[in-house]
Amino acid sequence: MSGRELGVLNALDVAKTQWYHFTAIVIAGMGFFTDAYDLFCISLVTKLLGRIYYTDISKPKPGVLPPNVQAAVTGVALCGTLAGQLFFGWLGDKLGRKKVYGLTLMLMVVCSLASGLSFGDTPKGVMATLCFFRFWLGFGIGGDYPLSATIMSEYANKKTRGAFIAAVFAMQGFGILAGGIVALIVSSAYDHKYDLPSYKENPEGSIVHSLDYVWRIILMFGAVPAAVTYYWRMKMPETARYTALVARNAKQAASDMSKVLQVEIEAEEDKLNHIVESENQRYGLFSREFAKRHGLHLIGTTVTWFLLDIAFYSQNLFQKDIFSAIGWIPPSQEMNAIHEVYRIARAQTLIALCSTVPGYWFTVAFIDYMGRFAIQLMGFFFMTVFMFALAIPYNHWTKKENRIGFVVMYSLTFFFSNFGPNATTFVVPAEIFPARLRSTCHGISAAAGKAGAIVGAFGFLYAAQSTNPEKVDHGYPTGIGVKNSLIVLGVVNFFGMLFTLLVPESKGKSLEELSGENEEGPEAVEMAGSARTVPV
């Protein structure tokens, strides 16, 4: 312990793993469960929306969402998330983590429910309402990223901090899985009630009016886990690091953590005054001092998250097209509307169960042994390898006898994104920046990730279209095809590996050691800089 470190912060750093750690993981993690459910459940219902609102029964194929509507429906929540990450990240440093935390959750509950409602029954009215509420839903989800990560990092001990923050993020895997399971249950229930013919057999009979409830139920269910955790979120005390180092209230910090840790902690007001009055506590985000200490770190965390999410979200959003290409989902005219939802949900659930969820929990298990840097570098490396292994012999994988091999390789890219940069890009920004800028910097890093997600979601919606004009989806221009899209993603992952060299290793160090907040003068710059992985 540094001579200048506050007793309350040291008590948190050396605390043994106990019940309040798990409570914090569950409370913060249920927010992430909801985030993932809300963001990814839309890909389960876009085909159904196309059938219900855009089918012309005189055509040989059921309707699909027009390209601009598809891009808006799938991408608008990501735009809201990006805005929310920047705004609530900044607000979390200004007003405190706890105050803002409840606000984001209420926004998520209200907008989840509202996204299942519509003003009018015309395609334009329904899509406009859906996009409006999904933007604000995304805005609330955006706030959850920096706040959940910051709260967990500030509550955790330094020995297992990585595992605790990664465990919060790992709830995202269960959220994706829950989305698939809810869609399976709802579609099965409707299938039992209505025994519908395929579109090919009877275009008009393959869709019934009450199927309009299916997508609404799936989207509105996202409000349930968020509402359940609201009470517990409001009972959590503010983090000691915010109360002491930002709000400058040593008595309150000591009192709150005495209750949490169940030990007597001295307030140390004189020591706190000395720390907060030092030069270390004065520089702002846009200062030369911040650039000198943390500039390269911020570039590292933002660019790696940006590159990762291009690959991660493009995979998630065009995976149903991959499933169609390899035969897991039959041509749309050979199914009725509800069978299509069931098949897409089943495929997404299998991928989540076999690769997405295990990947997250491998990170939780190994992050405090291997370190953040090694896991991130390894993840990007294997994602690059598997993307090229899928892309270069792509025609080989599309043959019927090789389809299972394709699914295994595709699952492995997901596994190594989650046992890799998808988890570590979330963990590291919550550890390496000063307390008064921590939430803001995490929000900036996460927003860069969502910018990558928007590139992935919008860009690859068009890019993955076939080069053959006869094989493109209705209303889309020709693209570069799935094969070339996978090659581009391989290159993106390779650059992710290079930018990982700017990201510092934070394993086993206290948050104040990493940010240099406890030191003065040149020693502080040295402390912050010493966290670097490689000389720059």
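A few points about this structure:
- Test: residue in segment 188-201 that is under 30 Å from His442 (Cβ atoms), in a helix (DSSP H, G or I) and in contact (Cβ under 8 Å) with a residue 60 or more places away in the chain: no
- Of all the criteria given as (1) of a type in the set (A, V, I, L, M); (2) open to solvent by 30 Å² or more (accessible area, probe 1.4 Å); (3) out of contact with any Leu (no Cβ under 6 Å at 6 or more places or on another chain), the one not satisfied by Met409 is (3).
- Leading residue by the ranking (nearest to Ala244 (Cα to Cα)) among those in segment 258-296 that are among the acidic types (Asp, Glu) and not in a loop (DSSP other than H, G, I, E, B): Glu269
- Residue in segment 404-415 that is touching a helix residue (DSSP H, G or I) at 6+ places or on another chain (Cβ under 6 Å) and at pLDDT 90 or above present: no
- Pairs where the first residue, in segment 278-290, is more than 11 Å from Glu517 (Cβ to Cβ) and the second is small (Gly, Ala, Ser) and exposed (fewer than 15 other Cβ atoms within 10 Å of the Cβ), C-beta under 7 Å, 6+ apart: Phe290/Gly284
- Of everything listed in (1) in contact (Cβ under 8 Å) with a residue 60 or more places away in the chain; (2) open to solvent by 30 Å² or more (accessible area, probe 1.4 Å), the single unmet condition for Asn68 is (1).
- For Trp136: the one exception among (1) within 27 Å of Ile217 (Cβ to Cβ); (2) open to solvent by less than 40 Å² (accessible area, probe 1.4 Å); (3) in contact with a helix residue (DSSP H, G or I) (Cβ under 9 Å, 6 or more places away or on another chain): (2)
- Residue ID - most open to solvent (accessible area, probe 1.4 Å), chosen from residues in segment 226-247 that are in contact (Cβ under 8 Å) with a residue 24 or more places away in the chain and among the charged types (D, E, K, R): Glu238
- Ile217 vs. criteria under 32 Å from the mean Cα position of the chain (by Cα), open to solvent by 60 Å² or more (accessible area, probe 1.4 Å) and aliphatic (A, V, I, L, M): yes
- Within segment 291-316, tally of residues that are open to solvent by less than 10 Å² (accessible area, probe 1.4 Å), among the β-branched types (Val, Ile, Thr) and closer than 20 Å to Thr356 by Cβ: 1
- Segment 56-71, residues that are touching a Phe, Trp or Tyr at 6+ places or on another chain (Cβ under 8 Å) and under 13 Å from Ser206 (Cα atoms): Lys61, Pro62, Gly63
- When we screen Ala240, Ala226 for residues that are hydrophobic (A, V, I, L, M, F, W, C), under 30 Å from Glu5 (Cα atoms) and modelled with pLDDT of 85 or more, the only hit is Ala240.
- Selection within segment 479-526: residues that are at pLDDT below 75 and assigned to a loop (DSSP other than H, G, I, E, B). The member of this set that is farthest from Ala291 (Cα to Cα) is Gly479.
Quick grid of which residues meet (1) more than 30 Å from Asn249 (Cα to Cα); (2) of a type in the set (Ser, Thr, Tyr); (3) surrounded by fewer than 19 Cβ atoms within 10 Å (Cβ to Cβ):
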{"position": "Val428", "(1), (2), (3)": "no, no, no"}
{"position": "Ser445", "(1), (2), (3)": "no, yes, no"}
{"position": "Ile454", "(1), (2), (3)": "yes, no, no"}
{"position": "Phe460", "(1), (2), (3)": "yes, no, no"}
{"position": "Pro469", "(1), (2), (3)": "yes, no, yes"}
{"position": "Gly479", "(1), (2), (3)": "yes, no, no"}
{"position": "Leu486", "(1), (2), (3)": "yes, no, no"}
{"position": "Lys509", "(1), (2), (3)": "no, no, no"}
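- Residue match in segment 441-461 (condition: at pLDDT below 95 and outside any helix (DSSP H, G or I)): no
Conditions (1) within 20 Å of the chain's Cα centre (by Cα); (2) in contact (Cβ under 8 Å) with a residue 60 or more places away in the chain; (3) assigned to a helix (DSSP H, G or I), marked per residue:
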| residue | (1), (2), (3) |
| --- | --- |
| Gly379 | yes, no, yes |
| Ala389 | no, no, yes |
| His396 | no, no, yes |
| Glu401 | no, no, yes |
| Val407 | no, yes, yes |
| Thr413 | yes, yes, yes |
| Val428 | yes, yes, yes |
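- One residue alone among Ala267, Ala254, Ala250 is on the phi < 0 side of the Ramachandran plot, among the aliphatic types (A, V, I, L, M) and open to solvent by 20 Å² or more (accessible area, probe 1.4 Å), and that residue is Ala267.
- Segment 53-68, residues that are over 19 Å from Ser314 (Cβ atoms) and touching a helix residue (DSSP H, G or I) at 6+ places or on another chain (Cβ under 6 Å): Tyr53, Lys61, Pro62, Gly63
- Residue ID - nearest to Pro331 (Cα to Cα), chosen from residues in segment 344-383 that are among the β-branched types (Val, Ile, Thr) and open to solvent by 10 Å² or more (accessible area, probe 1.4 Å): Thr349
The values are calculated or read from the model by the stated rules, or taken from the named source; none is laboratory data. These numbers come from a predicted model, not from an experiment. Cβ: placed from backbone, ideal geometry, glycine included. Neighbour counts: every protein chain shown. Ligands, DNA and RNA are stripped out before the accessible areas are found, and what is left, the full protein with its side chains, is counted by its heavy atoms. Shrake-Rupley method; radii C 1.70, N 1.55, O 1.52, S 1.80 Å.
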